[in-house]
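Asks: There's a structure below that I have some questions on.
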Amino acid sequence: MNTQTLPGFVTAHLGQAVGAYYDRTADLYAQLWGDDIHLGYWDAGERPATAADRRPATERLIRELVGFAGIAPGSRVLDVGCGHGGPALYLAGRLGCEIDGITLSGEQVGRATARAAEEGLSGRTGFRVADVLGGGIAEGAYDVVWAMESLMHIPDRPAFFEVALRALRPGGVLALNTWAVREGPLDAAESDLVRRILHNQVLPSLDSIEAHRRMAEAAGFAQVRTADWTIQTAGSWDLDFAQLEQPAGGRAHMMQLARQRGAEVLRFFAAVPLMHKGFTTGVVTCGALTAVKPGAAR
């Protein structure tokens, strides 16, 4: 059964392309979702109303993943794709965790580092530019490998699970949530929608959440559990809610931004309606996964 989309954003230097995308759109993401640049979480049937809903909802997604994976206070955490530091600062501030945050974006490192200093958490957090598959990840050094909406940017996902397993201590926990694709083959229209999403979001492909489960088990993880959070996170793409403030000058200003920063800006503006359609049709999903490295408990 087909569980992965056809190749999307294809380049020999995907990591550089992802880093450039987030470098050039950091302020736009901050405007859309605030400092936590990931989806929000609402109860089924709830609908976001105003921009004030963003921070509570994005923080709730962090709490949900913490609870789902059973993250213990004081854990040493490798945060893969740390963004602007939102989850890292939550884990450090609320749970007393020690965070090693990595990202492909230098702009994100700067924002996360500044936020940690503002919140008095520099001593528990560190952020650096690094590719999780590029080597340099210490083996057996972490209690938790955390990946919040970053795995979909990684082209070799089986390799990610292998690196995560090696990075964990025996009994350590993998905790991730990711955009995914519906299990099974897509028709032509669905495939075209996903292709456009991949291009605009700088994604190499999407896998189903069940495919992620199989990859985790193949890498050697035990106690693999998944959850479908599509309904709970779909509000992030609500077309009345997920709108940036209209820039002065409208489309002309958007084109000026694109000339100044590159095509990443146009991809950003195009992504919201595509993601809304993907989530509302069920073609694109949001899933969580947690798993344990076999061995003695932490």
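Asks: Just checking, how many residues over the range 188-211 are of a type in the set (Gly, Ala, Ser), in a helix (DSSP H, G or I) and more than 15 Å from Phe279 (Cα to Cα)?
Replies: Total satisfying the criteria: 2.
Asks: May I ask you to list the residues in the range 66-99 that are out of contact with any helix residue (DSSP H, G or I) (no Cβ under 8 Å at 6 or more places or on another chain) and within 21 Å of Met152 (Cβ to Cβ)?
Replies: Passing the criteria: Phe68, Ala69.
Asks: As an exercise: evaluate Thr113 against (1) modelled with pLDDT of 95 or more; (2) over 24 Å from Ala72 (Cβ atoms); (3) in contact with a Cys (Cβ under 8 Å, 6 or more places away or on another chain) and give the number of the one condition it does not meet.
Replies: Only one criterion is unmet by Thr113, namely (3).
Asks: I'm trying to understand the selection: among the residues of the range 78-118, which are in a loop (DSSP other than H, G, I, E, B) and either of a type in the set (A, V, I, L, M, F, W, C) or touching a residue at least 60 places away in the same chain (Cβ under 8 Å) (or both)?
Replies: Restricting attention to the range 78-118, the residues satisfying the condition of being in a loop (DSSP other than H, G, I, E, B) are 81-85, 96-97, 104-105.
Passing the criteria: Gly81, Cys82, Gly83, Cys97, Leu104, Ser105.
Asks: Then there is this: Suppose we keep only residues that are touching a helix residue (DSSP H, G or I) at 6+ places or on another chain (Cβ under 9 Å) and outside any helix (DSSP H, G or I) within the range 46-65. Which one would you say is surrounded by the fewest Cβ atoms within 10 Å (Cβ to Cβ)?
Replies: This residue is Arg47.
Asks: Is there any pair with a first residue in the range 229-252 that is surrounded by fewer than 20 Cβ atoms within 10 Å (Cβ to Cβ) and modelled with pLDDT of 75 or more and a second that is assigned to a loop (DSSP other than H, G, I, E, B) and basic (Lys, Arg) whose Cβ atoms are under 9 Å apart and which are 6 or more apart or on different chains, and what are they?
Replies: Final answer for the pair search is Asp238/Arg47.
Asks: Being touching a helix residue (DSSP H, G or I) at 6+ places or on another chain (Cβ under 6 Å) and farther than 15 Å from Gly81 by Cβ is true for just one of Glu139, Glu118. Which residue is that?
Replies: Glu139
The values are calculated or read from the model by the stated rules, or taken from the named source; none is laboratory data. These numbers were taken from a predicted model, which means no experiment stands behind them. Here Cβ is always computed from backbone atoms with ideal geometry, including for glycine, and neighbour counts include all displayed protein chains.
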